[in-house]
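Below: the structure, in structure tokens.
The values are calculated or read from the model by the stated rules, or taken from the named source; none is laboratory data. The model shown is predicted, which means the values in this text are computed figures rather than measured ones. Here Cβ is always computed from backbone atoms with ideal geometry, including for glycine, and neighbour counts include all displayed protein chains. We work out accessible area using only protein heavy atoms, side chains counted, and drop any ligands, DNA or RNA first. Shrake-Rupley method; radii C 1.70, N 1.55, O 1.52, S 1.80 Å.
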Amino acid sequence: MKTNTALVFDVSAIRNQFPILHQQVNGKPLIYFDNAATSQKPLAVINTIKDYYEQYNSNIHRGAHYLAQLATERYEDARHTIASHLNASEQEINFVRGTTEAINLVATSYGRKFVSAGDEIIVTEMEHHSNIVPWQMLCEEKGATLRVIPITDSGELIYEEYLKLLSEKTKIVSVAHTSNALGTIHPVKEMIADAHKYGAVVFVDGAQALPHSKVDVQDLDCDFLGFSGHKVFAGTGIGVLYGKAHLLEAMNPYMGGGEMIKTVSFKGTTYNDLPYKFEAGTPHIEGGISLGAAINYINQIGLDNISSYEHELLRYGTEQLASVDDLRFVGTAENKSSVISFLVKNIHPYDIGVLLNEQGIAIRTGHHCCQPLMDRLGIEGTCRASFAFYNTKQEIDVFVKALQRAVKVLS
Ligand code: C6P
């Protein structure tokens with residue numbers, strides 16, 4: 001069936017940009033449905049990393065020579081690309097290792113300074129561990145309290161409960177834009193506006209949003225946002241913390257070292273301007289440059305095209321999986337991204353994962369680093385298929401047949 005999206009979206013041309021997809025696993029063509037864990041990399045990213053090491057590897061910001069200047073220019077160009085992509089300014093874009101580090105940075109540098117005993121921090125019941133544990137650590141240190149927004153059985157926030165939790169005591173609200181385990185897209189813009197009524201700052205965990213949709217930090221009016229490069233078609237070990245400049249200015253540095261200082265003496269040290277204040281030491285140079293390349297790549301395809309194509313994959317995948325006997329979807333929120341979590345009968349998700357792998361299909365099984373969510377749902381884990389724009393309906397057909405075979409063997 002040709003949809004308007006299919007007309008503008010040449011998936012086979014796109015797949016040709018991803019060399020890893022063209023291989024056999026266990027004698028079958030690889031079907032990669034583990035994109036929420038990490039996405040595959042296009043040639044635009046692979047070649048950027050290769051070019052860096054072949055042509056201009058050098059340390060940045062501190063060299064008079066040609067290679068250092070070129071590497072610095074490319075690194076700062078990438079920051080510019082990311083800033084424009086998020087509708088932020090360059091000084092608000094801090095390179096970090098990933099979402100986990102972005103959250104820890106804010107919990108440490110903002111939290112230690114601005115959260116005190118008796119204050120409250122709000123998260124949701126379906127957060128990734130990395131959006132729970134840093135706040136728990138902060139609460140423990142400061143004598144603050146972590147509050148949790150409950151969810152419905154279908155995996156949506158109970159908004160009235162969120163409103164009840166908000167108060168003058170609320171200092172930070174930290175919420176995933178999109179749940180990695182269920183795919184639920186939260187009403188973050190509304191949540192931010194409500195938190196701001198009480199003077200709280202809001203951290204948006206953008207790990208599962210950036211690969212699939214346009215995120216505009218000014219439109220959201222979020223105070224902080226973090227995301228991971230490896231989920232957005234760049235390499236591992238690089239990510240971004242966005243913060244409003246006046247908040248970043250008010251925060252203490254996260255790590256001390258080279259690059260984050262203006263002057264150092266034994267009498268005292270002065271810190272560098274944003275964003276360097278939060279970038280101590282030699283950074284992940286080719287990581288940052290390749291993240292810029294990845295963002296340019298997805299913008300060339302167009303995030304609106306990506307969203308509507310993936311939405312169709314989600315619709316089709318959900319429809320096809322519904323035909324599998326005794327399959328139960330976990331997370332059926334109205335507003336979802338291209339993640340499908342499910343269970344079949346009483347079969348352990350891991351066993352399904354192993355049998356699918358034998359047929360060349362990569363899905364993820366387990367608690368997806370969301371143990372409190374699994375506890376709330378009364379399950380140990382799920383099978384999770386997560387799609388990217390290089391996946392196809394044909395792959396979904398093969399996956400559903402393979403799942404049926406696996407279920408037969410395991411029943
Ligand atoms: N989720 C998944 O399979 P890092 O590890 O820092 O790149 O990202 C952590 C993280 C934070 N928030 C959300 C919503 C996430 O999905 C993740 C990573 C992977 O779902 C690995 S558990």
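Based on what the data block shows, is A245 within 16 Å of the ligand (Cβ to nearest atom) and assigned by TED's automatic domain parsing to the domain that holds E127? No: the conditions fail for A245. Residues satisfying the criterion are absent from segment 41-53 (criterion: within 16 Å of the ligand (Cβ to nearest atom), part of a loop (DSSP other than H, G, I, E, B) and under 15 Å from the mean Cα position of the chain (by Cα)). For segment 385-399, the set of residues classified as of a type in the set (A, V, I, L, M) and open to solvent by 10 Å² or more (accessible area, probe 1.4 Å) consists of V398 only. Among residues belonging to segment 185-203 that are part of a loop (DSSP other than H, G, I, E, B) and open to solvent by less than 40 Å² (accessible area, probe 1.4 Å), point out the one that is nearest to the ligand (Cβ to nearest atom). Only one residue tops the list, namely H186.
The set of residues in segment 364-384 being among the aliphatic types (A, V, I, L, M) and either open to solvent by 50 Å² or more (accessible area, probe 1.4 Å) or in contact with a Leu (Cβ under 8 Å, 6 or more places away or on another chain) (or both) consists of L373, I379.
Evaluated against (1) within 20 Å of the chain's Cα centre (by Cα); (2) under 16 Å from G143 (Cβ atoms), E101 falls short on exactly one condition, (2). Taken together, A64, A71, A13 contain a single residue that is small (G, A, S), more than 24 Å from the chain's Cα centre (by Cα) and assigned by TED's automatic domain parsing to the domain that holds K393, which is A13.
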